[in-house]
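One structure below.
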Amino acid sequence: MGKAIRELAQSNPSITFQDFKLNTVNFPKPSLVMDFSSPDCLSGILEVCIAQKISLLTGTTGFTSQHHEALKKAQEIIPILVASNMSIGIASLKKSIEKFLTTSQEPLLCNLLEIHHTKKLDAPSGTALEILRFLEKFPENKIKAPISVKSHRFGNVFGIHRVEFQSSKETIFFQHIANSRDIFAAGAIAAAKWVESNQPGLYSFGDFLVKKL
């Protein structure tokens, strides 16, 4: 993701990048840190960002409850945007599902499938968990519990997320396929510009889409 973001931003002269190293004290202060690393790095990143009042955008997945507590405390000092997926397409997928469910006439069985490359460490993916939380908000007269979640790891797949609904009469699919990391990189750059100008707080990619687009 870091490489994809750098390459996409090369044509924008208003954006400059520098490597962020936790053990380096004397680096020029940036306006924002973009984190696509691992949960183990979060505490060190937050320490630097809080000390220097630097905004944070993190697309890292696999955070534990302790990580989320640390983010909640840090939001009192700096603006933070946390998003497991920065694709406008995923946001559109959820809107389409919501519109469909408002018209459903009977409770539906629901299966959630996600496929990623073999180097992805967490399963289910952060995006799949985000979609799951979204689906679990609907009452059981719309979606029957429990919702099945399956994860697969193949080759160099950037990301496939498919939501399947089954009724007594039909089966309906909603699917998003990422053909390039550029869709996430573009979303990350746009969201970064937005969050760095915000007041301290904890924001989601949905907050950015609602207020900015």
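Some notes on this structure:
- If both residues of a DSSP beta bridge must be in segment 78-213, then about 60% of such bridges are antiparallel.
- Placed amide H near Lys150: partners under 5 Å, 5+ positions off or other chain: Leu112, Leu113, Glu114
- The chain: angle of helix 88-101 to the longest principal axis, Cα-based, in degrees nearest 10: 30 degrees
- His152 sits among other residues whose Cβ lies under 13 Å from its own Cβ, and their net charge, with Lys and Arg +1 and Asp and Glu -1, is +3.
- Relative contact order (%) - criterion: Cα under 8 Å, at least six apart; region: the chain: 26 percent
- In segment 39-144, the trypsin sites (Lys or Arg not before Pro) that fall in loop regions by DSSP, at most 16 other Cβ within 10 Å: Lys53, Lys119, Lys137, Lys144
- Computed over protein heavy atoms with a 1.4 Å probe, the accessible surface of the chain works out to 57 Å² per residue.
- For His161, the accessible surface of its heavy atoms amounts to roughly 10 Å² (probe 1.4 Å, protein chains only, rounded to the nearest 10).
- Each label was represented as a point 7 Å from its Cα along the Cα-to-Cβ direction; for Ala123 and Val210 these points are 3.4 nm apart.
- Orientation-averaged projected area, Cα convex hull of the chain (nm²): 12.8 nm²
- Cα-based helix-to-principal-axis angle, 182-195 vs the chain, degrees rounded to 10: 60 degrees
- Solvent-accessible ranking of Asp40, Asp122, Asp19, largest area first, probe 1.4 Å: Asp40, Asp19, Asp122
- Neighbourhood charge, 11 Å Cβ-Cβ cut-off, centred on Ile50 and excluding it, Lys, Arg +1 and Asp, Glu -1: 0
- Members of Lys72/Lys142; Lys53/Lys120; Lys119/Lys142; Lys144/Lys169; Lys99/Lys193 lying beyond 27 Å, as alpha-carbon distances in this model show: Lys72/Lys142; Lys53/Lys120; Lys119/Lys142; Lys99/Lys193
- Cut-off 20 Å, label 7 Å out along Cα→Cβ of Gln66, residues of segment 28-53 by amide N: 37-50
- Integer Hz, Karplus 6.51/-1.76/1.60 couplings in order for segment 158-171, x for Gly and Pro: 6, x, 10, 10, 10, 10, 10, 10, 10, 10, 6, 10, 7, 10
- Solvent-accessible area of Val48 with every protein chain in place, 1.4 Å probe, in Å² to the nearest 10: 30 Å²
- Scalar couplings 3J(HN,Hα) for segment 73-83, obtained by applying the Karplus form with A = 6.51, B = -1.76, C = 1.60 to θ = phi - 60°, are 5, 5, 5, 6, 10, 9, x, 9, 10, 10, 8 Hz; x denotes Gly and Pro.
- For His152, solvent-accessible area (1.4 Å; no DNA, RNA or ligand), Å²: 80 Å²
- Residue-count net charge about Asn111 - beta-carbon cut-off 12 Å; Lys, Arg +1, Asp, Glu -1: +1
- Across segment 136-153, computed HN-Hα scalar couplings (Karplus, 6.51 cos²θ - 1.76 cosθ + 1.60, θ = phi - 60°) run 5, 6, 7, x, 6, 7, 10, 10, 6, 8, x, 8, 7, 10, 10, 10, 9, 10 Hz from first to last residue, x flagging Gly and Pro.
The values are calculated or read from the model by the stated rules, or taken from the named source; none is laboratory data. For clarity, every value in this text was computed on a predicted model and none was experimentally measured. Cβ: placed from backbone, ideal geometry, glycine included. Neighbour counts: every protein chain shown. Only protein heavy atoms, including side chains, enter the accessible area calculation; ligands, DNA and RNA are left aside. Shrake-Rupley method; radii C 1.70, N 1.55, O 1.52, S 1.80 Å.
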